[in-house]
């Protein structure tokens, strides 16, 4: 399904396919660029270490089916490395430090701003990047004056009726959802004879969660297989549904971001759609 550099995302709206003069002629005031950030890290015994980056490509390929050149939204190449030190020591993990990731993102944003772009989306598909990207977004806004948006691919899909409650709460890595999507994107990269079923050793009355009552963890604290979730429940049908809904929902949010503006009259409290 996801041939790289195919589909409207790459055939029509991939910024690097344009020449320098063509990019120079774009109406920058009405344009927004999307920078996808993934990772290269272990994903259990059954998925490729490129999983997070592949999923980002898959979601964006679907999202751009709902966009046209009239939306003035452009795709940048994927940054295939992220902050993955929670997987340090596992074979195949390549991680950037937080300071390196922040510096790379700032350099990219600064380059875009210097050529006139005013809007940037940091589209992320690796949980370990979230804190660094929150810092980067504000620093980029302060230094360049660009509008900067953060969007995570995880949770964009309509998964409630597809995944078990346990999976939705604790299937945070290489479980049902991710395995289902990779079955669609690169089935031959999935080792279906090695699908794990392992959740963190958490009792039902455990009060700390991954989402809001946070604690620091490394993957070795949670799993012996390198996965958290039941990959044995994964199916290609689920993967197609998750990718399609995630892409559709992402496209809707991208369109909103492209016209969002602060209401200068009322200060930073108010927001008004920006007229094209």
Checklist entry - Which of the residues spanning the range 1-16 are at pLDDT 95 or above and exposed (fewer than 14 other Cβ atoms within 10 Å of the Cβ)? => result 16
Checklist outcome for this item: Counting only residues in the range 115-140 that are farther than 17 Å from residue 81 by Cβ and in contact (Cβ under 8 Å) with a residue 40 or more places away in the chain, the one nearest to the chain's Cα centre (by Cα) is identified as 121
Checklist outcome for this item: Selection from the range 137-168 of residues out of contact with any strand residue (DSSP E or B) (no Cβ under 7 Å at 6 or more places or on another chain), surrounded by 14 or more Cβ atoms within 10 Å (Cβ to Cβ) and in a helix (DSSP H, G or I) yields 139, 144, 166, 168
Item to check | Some residue of the range 202-210 being touching a strand residue (DSSP E or B) at 6+ places or on another chain (Cβ under 7 Å), more than 18 Å from residue 61 (Cβ to Cβ) and either outside any loop (DSSP other than H, G, I, E, B) or at pLDDT below 95 (or both) | outcome: no
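Condition (residue is in contact (Cβ under 8 Å) with a residue 40 or more places away in the chain, closer than 30 Å to residue 227 by Cα and under 13 Å from the mean Cα position of the chain (by Cα)) applied to the range 91-98: is it met by at least one residue? Step through it out loud before you land on a result.
Narrowing the range 91-98 to residues in contact (Cβ under 8 Å) with a residue 40 or more places away in the chain: 91-95.
The next check asks that each one be closer than 30 Å to residue 227 by Cα; those that pass are 91-95.
Still in the running and under 13 Å from the mean Cα position of the chain (by Cα): none.
No, that holds for no residue.
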Checklist entry - Would you pick out the residues in the range 187-201 that are modelled with pLDDT of 95 or more and within 13 Å of residue 173 (Cα to Cα)? => result 195, 196, 197, 198
Checklist entry - Any residue in the range 213-222 that is within 20 Å of the chain's Cα centre (by Cα), surrounded by fewer than 16 Cβ atoms within 10 Å (Cβ to Cβ), modelled with pLDDT under 95 and closer than 24 Å to residue 40 by Cα? => result no
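The values are calculated or read from the model by the stated rules, or taken from the named source; none is laboratory data. Predicted model only: the values in this text are computed from it and were never measured. Quick reminder, even Gly has a Cβ in these numbers, built from the backbone with ideal geometry, and neighbours come from all protein chains shown.
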